[in-house]
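Quick notes on the structure that follows.
Computed from the coordinates by the stated procedures, all read-outs in this text should not be read as laboratory data. All values derive from a computational prediction rather than experimental measurement. In this analysis, Cβ positions are derived from the backbone assuming ideal geometry, glycine residues included, and neighbour counts consider all displayed protein chains.
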Amino acid sequence: MTDRSAPAPAPALGPASTSQPLPEPVVGPPVPGPPVPGQLTFQAPRRGKPPRHLADLAPAERTEAVQALGHKGFRAKQLSTHYFERLVESPAEMTDLPKTIRDDLVRDLLPPLLTPVVQRLADDGRTIKSVWRLHDGAIVESVLMRYPHRVTICVSSQAGCGMNCPFCATGQAGLTRNMSAGEIVEQVVSAARLLRRGELAGEGSSDEAASPLRVSNVVFMGMGEALANYKAAIGAIRRLTDPAPDGLGMSARGIVMSTVGLVPGIDKLATEGIPVTLALSLHAPDDELRNELVPINTRWSVDEALDAAYRYYEVTGRRVSIEYALIKDINDQAWRAELLGRKLTSRGRGWVHVNPIPLNPTPGSKWTASRPGVEQQFVERLRAAGIPTTIRDTRGQDIDGACGQLAASTA
Ligand code: SAH
């Protein structure tokens, strides 16, 4: 739901009724558009559902869907093998499906979900930002990054975002809609196909020469707050981690769920039995500043978010990551580093590490990144408190592909 009440339409003036009091203005439906500061949007505006896709369905549901179309149940496994294991792009390659039923099955269960709009390359081709159009015209982005020993894709989980963090370009445009599990997974499958075609530059380790390059890491750090789109996000995580041919067979360890701190979502994720890494976007250790930087803090405070993060660690055994965008003269003071250190160590040792990241510039924002010396001091203070701290590598700034810069501009 959106918290903003819409401007009331001007009441119509009735004929010759000027002596009568004007009727109460009717408050219309929320007007789509950029959110006002602090406004949180949880429910996406209603739009046409994306077409159903194999990747929306658990394996048993796929069999049912195939049977409901009047085909033999085992066809579901064949389709899954083509999609998740062989990464088949063209139905013509699905030669084990009789031609008469192939088109039918592909139309119903493998509809196109993402249409490429534009691709931008950075870091000598080792970073590729893809802009995609969804079936209803909504635009989302994903960013593929090659490192010496891994390939990471940063995926979107919503078109836009309702969390309205003022330093993030995505948050400034508001929420367009939730993405389906299939739309989330398809970003990863498209990346896997691109890797197979050898289109991502960069040298890997020697063992990579022998085996084909694979997507090793998926981070939910593109557009959207995935925990606000929980069902699709967990569906996507299952598709990514289910062994082939039911899914892509990725390790849960390579998946990072990043959140503003939706406490019920964090607790639910802990019960799923898939130990993905949790990243909490903290950005301030005190409620006063965090209320401004991460407006969800007005619902779940710093302490409540940290308690939930600690519970996640206890249940899953996975070390939690704290994200902290360093903003010059806003959240980079020594006392804030010390307060953050105290808040983390008071909950325990060895359960958390901090990932500061220099703020990436976004259009219209008055904020800039902390100076390198200040950044280094912030890191040193946390380390002195016994907190493992590493500056996050950020890629793709020059193609508006870095953290917080995904604004779905197709320019
Ligand atoms: N909704 C999720 C994913 C968002 S993007 C979340 O908030 O965690 C992933 C990370 O990039 C978040 O930590 C987010 O706060 C951070 N980020 C957003 N804008 C940024 C910017 N301009 N510079 C640096 N990091 C930014």
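How large is Rg/Rh for the range 92-140, to two decimals, with Cα atoms and a Kirkwood Rh? Walk me through the numbers before you get to the answer.
Working: Rg = 15.9 Å, Rh = 13.4 Å.
That ratio equals 1.19.
Here the simple spin-label model places points 7 Å from the Cα toward Cβ, and for residue 342 and residue 366 these points are separated by 2.9 nm. Cross-link partners of residue 343 among aspartates and glutamates, defined as those whose alpha carbon lies under 18 angstrom from its own and excluding same-chain residues fewer than eight positions apart: 286, 287, 288, 303, 304, 307, 314, 323, 332, 380. The simple Förster model, with R0 at 22 Å and r as the Cβ-Cβ distance, assigns residue 67 and residue 99 a FRET efficiency of 0.60. Bridges between two residues of the range 115-399, per DSSP, are antiparallel at a rate of about 50%.
Go through 161, 302, 330 and say which Cα lies farthest out towards the positive end of the charge dipole of the chain; charges sit on Cβ, +1 for Lys and Arg, -1 for Asp and Glu. It is 161, whose Cα lies furthest towards the positive end. Structure note, pairs 231/268; 72/231; 77/99: Cα-Cα distances above 22 angstrom occur for 72/231. From most to least packed by mean Cβ count within 10 Å, the peptides 331-340, 95-104 give 331-340, 95-104.
Of all aspartates and glutamates in the structure, those lying under 13 Å Cα to Cα from residue 328, and not within fewer than 8 positions of it along the same chain, are 375.
Taking square-rooted eigenvalues a ≥ b ≥ c of the alpha carbon gyration tensor, is the range 54-109 rounded, prolate or oblate, where a/c under 1.5 means rounded and, failing that, a/b exceeding b/c means prolate? Oblate. Applying a 4.7 Å Cβ-Cβ cutoff to the chain, the cysteines left without a disulfide-compatible partner are 154, 161, 403.
Shape of the range 131-247 from its Cα gyration tensor (a ≥ b ≥ c, root eigenvalues): rounded if a/c is under 1.5, otherwise prolate when a/b > b/c, or oblate? Present the calculation step by step, with values, prior to reporting the outcome.
Details: a/c = 2.21, a/b = 1.68, b/c = 1.31.
Here the range 131-247 falls in the prolate category.
Between residue 118 and 131, the built amide H atoms are under 5 Å apart, and every one of these is 5 or more places off in sequence or on another chain. Evaluating kT/(6 pi eta Rh) at 37 °C and 0.692 mPa s, with the Kirkwood radius of the chain over Cα pairs in the Stokes-Einstein relation, gives 144 µm² s⁻¹.
Helix-only estimate, please: 222 nm mean residue ellipticity of the chain, summing -39500 (n - 2.57) across DSSP H runs of length 4 or more and dividing by its residues, to the nearest 500. Provide the component values of the computation, followed by the final result.
Working: 12 runs with 120 residues, N = 411.
That comes out to -8500 deg cm²/dmol.
Length available on full extension from residue 58 to residue 196: 0.36 nm per residue minus the Cα-Cα distance, which gives 47.1 nm.
Karplus-derived 3J(HN,Hα) values for the range 221-231, using 6.51 cos²θ - 1.76 cosθ + 1.60 with θ = phi - 60°, are 10, x, 6, x, 10, 4, 6, 7, 10, 4, 4 Hz; glycine and proline are entered as x. The distance between label points at residue 214 and residue 288 comes to 5.1 nm (points 7 Å beyond Cα on the Cα→Cβ vector).
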